[in-house]
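Following: one structure in structure tokens, then a few remarks.
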Amino acid sequence: MISRGKWGSKVGFILAAAGSAIGLGNIWRFPYITGNNGGALFVLIYIVAIIVLGLPIMLAEFALGRATAKNPVGAFNAIRPGTKWHFTGFLGVITGVMILTFYSVIAGWTLGYCLKCLGGQFKGIVREKAALVFQSFISDSWVQILWLAVFLLLTIYIVSKGISGGLEKYAKVMMPLLFVIMLLLLIRSLTLPGAEKGLQFYLKPDFSKINGRVFLAAMGQAFFSLSLGMGTMLTYGSYLKRKENLVSSAAWVAALDSLIAILAGFIIFPALFSQNMMPDQGPGLVFVILPVIFSQMPGGVWFGFAFFTLLAVAALTSTISLLEVPVAFLIDEKKWPRHKATWLVGMVAFVLAVPSALSGGGVRFFTNLPILHKDFLSLWDKLWGNIALSIGAFLVAIFVGYVWKTANALDEITNNGVKFRLAKCWVLSIKYVCPLLILIVLISQFF
Ligand code: TRP
């Protein structure tokens, strides 16, 4: 038997799950999606999506994982052997690899930016120059591939070391530090001249901007940010001991994750508007505006360096969780040794990540795809980071609500004497609210 490993403690688990949730999704993706979707109204819908969709699905994934102590494919197989349900697990495994590909490219940007800060490239920089630096950085093919490779190697190294020893140790130390630096950035950004316009964009909803795309963006962002819809939280739950409280763990993870995302918005938008920059610049948004904020701070070089280093670590605790899903699948189902599984999946991810790495200007075809007029990375982000996750979350809700049945899931959630006061709401959400809402939002995209 290959030992699967277990989490060392409850705090360790919450921090590792929060480590998975908190990452580029909060600091890179949330601000840029918010900017693309009109600001405050999007934020409002996003928060609602976290509460009515995200939390219930997270609890469902935790319960599925702990009840079966399996990877996503194994979990569905264990509960309904011989059915097609394990394809939901497969979809998760594939989605995990695909998200890992473009996510690692952005994570590579954070590494590159660490060096740029140290080299003093952002000293006294203004917004036009910051945009140029960014553009020439992402269009340099070899540099992109290099940072991508470095980042994936770091991820592979940690995942190959296994659960408690690898994941937990790293998750515990760096996140509080990132939070402190963000608070300092917050103060700087809010005190820039013209910051109010940014706050208005971020906080004052404009209901005339409402449309179906905003709902899909908010729902997808909620799943992406909480690492839901592809079995990450299911897999993390599978390493949990019986006695832990799944309900409070889920609440903690969602609260910490949302806190960081909202905070990131409070940093980005005031600074953006104070520089008279457009909020809908797409994936490059924070990489252009952050250097400008640092250049306006005393000791900005060091702040910038510390910030991008910690952001890289936050991204690392997320890529670890992405890689862990296909690896757990190969360990459990194909009886591969952890080492071999990690390296193989990591290498496949590297090859599949190349188009994303070359889509910032390096190769014309990937930068501006024919017909779609989008770059490859944005396309992958939307396809896997949004639509595939929403489909995954939908299938989890149907499975837990109607196949495994909520009564069994509730048994798993409360079998250690945990009180779950909102059990009725949760059942309602998993059986009706989640499937219906997700379906409506997905179908509405075709009209
Ligand atoms: N949630 C992470 C972030 O916000 C990214 C991530 C890690 C993820 N694991 C995932 C997203 C699983 C979707 C599914 O950066």
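Observations on the model:
- Calculated FRET efficiency for the pair ASN276/ALA251, C-beta based, R₀ 45 Å, to 0.05: 0.70
- Spatial offset of the range 276-315 relative to the range 338-368 amounts to 25 Å, using the alpha carbon center of each.
- Full extension of the chain segment joining ILE440 with LYS129 gains 107.6 nm, where the gain is 0.36 nm per residue of separation less the Cα-Cα distance.
- Set of the range 224-248 residues, backbone N closer than 20 Å to the point 7 Å along the Cα-Cβ line of ILE94: 224, 228-235
- The chain: relative contact order in percent, alpha carbon pairs under 8 Å with at least 6 residues between: 35
- Surface listing: SER238, SER444 arranged by accessible area from highest to lowest gives SER444, SER238, probe 1.4 Å.
- With semi-axes defined as the square roots of five times the eigenvalues of the C-alpha gyration tensor, the equivalent ellipsoid of the chain measures 34, 24, 21 Å, largest first.
- Cα-based reach from LYS340 at 26 Å (exclusive), listing lysines while leaving out same-chain residues under 8 positions away: LYS6, LYS70, LYS161, LYS169
- Backbone HN-Hα couplings from phi across the range 38-54 [Karplus 6.51/-1.76/1.60, Hz, Gly and Pro as x]: x, x, 3, 4, 4, 4, 4, 5, 4, 5, 4, 4, 4, 6, 8, 10, x
- What the phi angles of the range 414-424 give under the Karplus curve with 6.51, -1.76 and 1.60, with θ = phi - 60°, is a coupling list of 10, 5, 10, x, 6, 8, 10, 5, 9, 3, 4 Hz, glycine and proline written as x.
- Stretching the chain fully between LYS419 and ILE47 yields a gain of 131.4 nm (0.36 nm per residue, less the alpha carbon separation).
- Cα shape, the range 24-124, gyration tensor, a/c 1.5 rule: oblate
- The fraction of accessible area contributed by carbon and sulfur in the chain is 71 percent, rounded to a whole number (1.4 Å probe; ligands and nucleic acids excluded).
- Helix 285-295 and the long axis of the chain differ in direction by around 50°, with both axes built from C-alpha atoms.
- Using the 1.4 Å probe convention, the accessible area of the chain works out to 39 Å² per residue with neighbouring protein chains retained.
- Karplus (6.51, -1.76, 1.60) ³J(HN,Hα), θ = phi - 60°, over the range 357-369, in Hz, Gly and Pro reported as x: 5, 9, 9, x, x, x, 10, 4, 3, 6, 6, 9, 4
- For the chain, the longest principal axis of the Cα atoms and the long axis of helix 127-138 meet at an angle of about 50 degrees.
The values are calculated or read from the model by the stated rules, or taken from the named source; none is laboratory data. Since the structure is predicted, the reported quantities are computational estimates derived from the model, not experimental observations. So basically every Cβ, Gly included, is an ideal-geometry build from the backbone, and we count neighbours across all protein chains shown. Ligands, DNA and RNA are stripped out before the accessible areas are found, and what is left, the full protein with its side chains, is counted by its heavy atoms. Shrake-Rupley method; radii C 1.70, N 1.55, O 1.52, S 1.80 Å.
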